[in-house]
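A.B. asks: Quick one: the structure is below, questions incoming.
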Amino acid sequence: MFLQGCAGPASTHQPMKHFLISDFGAVGDSKTLNTAAIQRAIDAAGAAGGGVVEIPAGTFRSGSIFLKNGVELYLDEGAVLLGSDQIEDYPKRETRIEGHFEPWRMALVNAQQMDRVRIGGKGKLDGNGVPFWNAFWKRRQENPKCTNLEVERPRLMFIDRCHDVRVEGISFQDSGFWNLHLYRCRDVVIEGLRITIPSAVNGLGGPSTDGIDIDSSQNVTVRKCYISTNDDDIALKGSKGPFADKDADSPPVENILVEDCEIGDGNGLITCGSEATIVRNVTVRNCTMSGRATVLTLKLRPDTPQHYENITLDGIKLAGGGRLINVAPWTQFFDLKGQPPPSRTVNNITLRNISGEYGSFGTLRGNPGDVLRDITLENVNIKLGNDRFAPGPTENCVVKNVVVNGKPYVLPAAVPATPAVP
């Protein structure tokens, strides 16, 4: 059965039995901790051979819950699954985080090693993130070099090594850490989500609050979503460090489609790189940039062999104040582990059919030894507050039918080119 209330073809199967969490003792008063009651409903559905665990209207506070094979999760209109503000309510387990495995807190909603995942509805996941954000910023004030993982914070949803995944319709807000993390998943559709993080609470934004993290996954479609965060909007992730290309736990991110989405604030409609090795075959089409997010961010880590290729953004409407492109070295917390610096390659990057008003052109340069080639800007007519653009060494940077601030744009003649790579 396809989830009640979600977009998609009508099911030809018999309706699945619904397991209402209030029948298992859950209380939607925003105060009662309902973790055990919700898990009882999930376990009962699993024991019955499958079913839909339904969260009715109300605000149900909970720690981590874990879906089981054959069990769908549906949030009715007016339903809020509110994350506990106590970190102890999210068990610490060996899990994938920032490109490797270590003991870390689990998410509010978890699906692991399932062959079919269905999560949706018209309700909301609320991460109750402000206490976690405050704890992180307090630690950052004490130690400006503290890492993202130094202060434990829960994700809103973690889908781990699953196949045939659909997450539809629900809203995500105020996640303590990443919102939706997919790790080693295949054949995924993410549709109609609204993912929001305020730009500031008491002057501070939510740290590391990525919208969707597509980690070592293939065949993923993201469509008709609104994402506005205080970090990457859609991040394509893998491993990091000088041995990342030998990491069997981090296969390439490939065959990604993003379409008909609106992006508000954030670090990038598409971001590759805080931890990423191979990213290829990415298509973004018919999206709108309405805030301050960068359209395309490619982070080039000095300690990681990386290859980003065949990335196309087509039909992007600009109505905000961010950057068009940011391809640049990313030097936060890198570690060569005594190894010689690896090199990185970026090739076949195309931005075309782009129009509207935005903040600035951005940056296009690599680390010493990096290869940037076959970068194309085509059919671009934009008004920018800052139209300066001076790419670093780039081979075959093509500008075709590009108008900036009413004038035809010509790539600066002084831009040197890297030699061709055999």
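A.B. asks: Please work out if SER228 is surrounded by fewer than 24 Cβ atoms within 10 Å (Cβ to Cβ) and either farther than 21 Å from MET106 by Cα or hydroxyl-bearing (Ser, Thr, Tyr) (or both).
C.D. replies: So SER228 passes the test.
A.B. asks: Would a scan of segment 130-152 turn up a residue that is closer than 25 Å to GLY28 by Cα and within 18 Å of the chain's Cα centre (by Cα)?
C.D. replies: No: segment 130-152 contains no residue that is closer than 25 Å to GLY28 by Cα and within 18 Å of the chain's Cα centre (by Cα).
A.B. asks: What number goes with the only condition from (1) touching a residue at least 40 places away in the same chain (Cβ under 8 Å); (2) farther than 14 Å from SER62 by Cβ; (3) not β-branched (Val, Ile, Thr) that GLU94 does not pass?
C.D. replies: The one condition GLU94 does not meet is (1).
A.B. asks: Another question about this same structure. Of all the residues that make up segment 349-375, how many are within 24 Å of THR277 (Cβ to Cβ), in a strand (DSSP E or B) and out of contact with any Phe, Trp or Tyr (no Cβ under 9 Å at 6 or more places or on another chain)?
C.D. replies: 7
A.B. asks: From HIS163, HIS100, grab the single residue that is out of contact with any Ser or Thr (no Cβ under 6 Å at 6 or more places or on another chain) and either among the hydroxyl-bearing types (Ser, Thr, Tyr) or touching a residue at least 60 places away in the same chain (Cβ under 8 Å) (or both).
C.D. replies: Exactly one of HIS163, HIS100 is out of contact with any Ser or Thr (no Cβ under 6 Å at 6 or more places or on another chain) and either among the hydroxyl-bearing types (Ser, Thr, Tyr) or touching a residue at least 60 places away in the same chain (Cβ under 8 Å) (or both), namely HIS100.
A.B. asks: Which of the residues that make up segment 257-288 are under 20 Å from ILE197 (Cβ atoms) and more than 16 Å from the chain's Cα centre (by Cα)?
C.D. replies: Once the filter is applied, which keeps residues that are under 20 Å from ILE197 (Cβ atoms) and more than 16 Å from the chain's Cα centre (by Cα), segment 257-288 yields only THR288.
A.B. asks: Return yes when ASP370 is within 18 Å of PHE243 (Cα to Cα), touching a Leu at 6+ places or on another chain (Cβ under 7 Å) and of a type in the set (D, E, K, R) and no when it is not.
C.D. replies: It is true that ASP370 is within 18 Å of PHE243 (Cα to Cα), touching a Leu at 6+ places or on another chain (Cβ under 7 Å) and of a type in the set (D, E, K, R).
For (1) assigned to a strand (DSSP E or B); (2) of a type outside the set (A, V, I, L, M); (3) surrounded by fewer than 24 Cβ atoms within 10 Å (Cβ to Cβ), each residue gets a yes or a no:
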residue: PHE132; (1), (2), (3): no, yes, no
residue: GLN141; (1), (2), (3): no, yes, yes
residue: THR147; (1), (2), (3): no, yes, yes
residue: GLU150; (1), (2), (3): no, yes, yes
residue: ILE159; (1), (2), (3): yes, no, no
residue: ARG166; (1), (2), (3): yes, yes, yes
residue: PHE172; (1), (2), (3): yes, yes, no
residue: SER175; (1), (2), (3): no, yes, no
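A.B. asks: Let me ask something additional. Considering only segment 349-363, I want to know if a residue exists there that is surrounded by 20 or more Cβ atoms within 10 Å (Cβ to Cβ), touching a residue at least 40 places away in the same chain (Cβ under 8 Å) and farther than 30 Å from ASP260 by Cα.
C.D. replies: No, the conditions are met nowhere in segment 349-363.
A.B. asks: Please specify each residue of segment 185-196 satisfying the condition of being within 14 Å of the chain's Cα centre (by Cα) and either of a type outside the set (A, V, I, L, M, F, W, C) or open to solvent by 10 Å² or more (accessible area, probe 1.4 Å) (or both).
C.D. replies: Listed by number, the residues that qualify are VAL189, GLU191, ARG194, THR196.
A.B. asks: With the structure loaded, tell me whether ARG344 is closer than 30 Å to LYS145 by Cα, open to solvent by less than 10 Å² (accessible area, probe 1.4 Å) and not aromatic (Phe, Trp, Tyr) or whether it fails that test.
C.D. replies: yes
A.B. asks: Looking at segment 117-132 only, could you name the residues that are closer than 24 Å to ARG96 by Cβ and either at pLDDT below 95 or of a type outside the set (Phe, Trp, Tyr) (or both)?
C.D. replies: Result: VAL117, ARG118, ILE119, GLY120, LEU125, ASP126, GLY127, ASN128, GLY129.
A.B. asks: Here's another thing I want to ask about it. In this structure, does ASP89 turn out to be charged (D, E, K, R), more than 20 Å from HIS163 (Cα to Cα), open to solvent by 40 Å² or more (accessible area, probe 1.4 Å) and touching a Pro at 6+ places or on another chain (Cβ under 6 Å)?
C.D. replies: So ASP89 does not fit the description; no.
A.B. asks: Continuing with this model, one more query. Output the residue which, of all residues in segment 292-305 that are open to solvent by less than 10 Å² (accessible area, probe 1.4 Å) and touching a Ser or Thr at 6+ places or on another chain (Cβ under 7 Å), is farthest from GLU191 (Cα to Cα).
C.D. replies: THR304
A.B. asks: Which is more than 21 Å from GLU259 (Cα to Cα) and either modelled with pLDDT under 95 or open to solvent by less than 70 Å² (accessible area, probe 1.4 Å) (or both), of LEU313, LEU384?
C.D. replies: LEU384
A.B. asks: Does ARG105 satisfy the criteria of being buried (at least 17 other Cβ atoms within 10 Å of the Cβ), among the basic types (Lys, Arg) and closer than 20 Å to ASP249 by Cβ?
C.D. replies: Judged against the criteria, ARG105 is a match.
A.B. asks: Let me ask something additional. Name every residue in segment 23-57 that is open to solvent by less than 20 Å² (accessible area, probe 1.4 Å) and not in a helix (DSSP H, G or I), in order of residue number.
C.D. replies: If the condition is that a residue be open to solvent by less than 20 Å² (accessible area, probe 1.4 Å) and not in a helix (DSSP H, G or I), then ALA26, ASN34, GLY50, GLY51, VAL52, VAL53, ILE55 are the ones that fit.
A.B. asks: Just name the residue that is least open to solvent (accessible area, probe 1.4 Å) out of those in segment 255-282 that are part of a loop (DSSP other than H, G, I, E, B) and of a type in the set (Asp, Glu).
C.D. replies: Result: GLU275.
The values are calculated or read from the model by the stated rules, or taken from the named source; none is laboratory data. Keep in mind that this is a model prediction, so the values were computed, not measured. Reconstructed Cβ throughout: ideal geometry from the backbone, glycine too, with neighbour counts over all protein chains shown. Calculation scope for accessible area: heavy atoms of the full protein, side chains included, ligands and nucleic acids excluded. Shrake-Rupley method; radii C 1.70, N 1.55, O 1.52, S 1.80 Å.
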